[in-house]
Amino acid sequence: MFSLSSARSLLAACRRPSTWPSSVGPAALSSPALVFARGRHQLAPRSVKFLKRHKGVLPVPIGGSTKGTTLAFGEWGIRVKGNGMRITAKQLKSADEALKRKLKPIKGAKVYMRVFPDIPVCIKGNETRMGKGKGSFEFWATRVAPGRVIFEIGGAPIREELAREALRLACDKLPTIMEFIDRKAPPRLGNMLVMPELPADVNPEQTVSP
């Protein structure tokens, strides 16, 4: 296999830190950015300053803002209809793969993800006594409020029946109740739809036939 002289030189090179490249040295191996580097198939931030964070609370839209509750990129989408929820990166990835698998035959179809898992979740265990630190890192997640748009599809003409079926498959991967929306859907403030105000000279009971 190796001669005695070549084996000794190889072992000496492995023990000598000065011969390592700067990108894979001992300092780089101990840095969180390299240890927790994500791949292209993963949903995780490229780098974080602190790997552990407080648990926090779910956002509640009490200030009257309707930002992020309507479509911005696609023609069809889904948004949270039930309670707010913490969605993990694995759930978002599963829903994204289900959408892309269903829309693969349509040339030019695109999937837009409106949220991103950038919150580290640490789990210590339920049968652990108090003390001895917070716990180790487990997965990435994101907090979504009621009415938040999660996924949009567009980029190519997609029939409503196909869009509903594709988004239904994505809803099955998510842990809360979703609703199907289009470009005409009004904004949502929590559990309340914000309807546009009608002019004073328009009778709301009057229906206009096409």
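The values are calculated or read from the model by the stated rules, or taken from the named source; none is laboratory data. Source: prediction; values computed, not measured. All Cβ positions, glycine included, derive from the backbone under ideal geometry; neighbour counts span all protein chains shown. These area figures cover heavy atoms from the full protein model, side chains too; ligands, DNA and RNA do not enter into them. Shrake-Rupley method; radii C 1.70, N 1.55, O 1.52, S 1.80 Å.
Report whether or not ALA145 is within 14 Å of the chain's Cα centre (by Cα), modelled with pLDDT under 95 and open to solvent by less than 50 Å² (accessible area, probe 1.4 Å). Taking the combined requirement at face value, the residue satisfies it. Of all residues in the range 49-101, those satisfying the criterion of being part of a loop (DSSP other than H, G, I, E, B) and closer than 14 Å to THR176 by Cβ are LEU58, PRO59, LYS81, GLY82, ASN83, GLY84.
From the list ALA141, ALA170, ALA145, ALA163, exactly one residue is within 24 Å of SER47 (Cα to Cα), aliphatic (A, V, I, L, M) and in contact (Cβ under 8 Å) with a residue 12 or more places away in the chain. Which is it? It would help to see each step written out before you state the result.
Numbers: ALA170 fails: within 24 Å of SER47 (Cα to Cα); ALA145 fails: within 24 Å of SER47 (Cα to Cα); ALA163 fails: within 24 Å of SER47 (Cα to Cα).
Exactly one of ALA141, ALA170, ALA145, ALA163 is within 24 Å of SER47 (Cα to Cα), aliphatic (A, V, I, L, M) and in contact (Cβ under 8 Å) with a residue 12 or more places away in the chain, namely ALA141.
No other residue among LEU162, LEU174, LEU193 is open to solvent by less than 50 Å² (accessible area, probe 1.4 Å) and within 23 Å of LYS67 (Cβ to Cβ) apart from LEU174. Answer with yes or no whether THR70 is β-branched (Val, Ile, Thr) and within 24 Å of PRO186 (Cβ to Cβ). Spelling it out, THR70 is indeed β-branched (Val, Ile, Thr) and within 24 Å of PRO186 (Cβ to Cβ).
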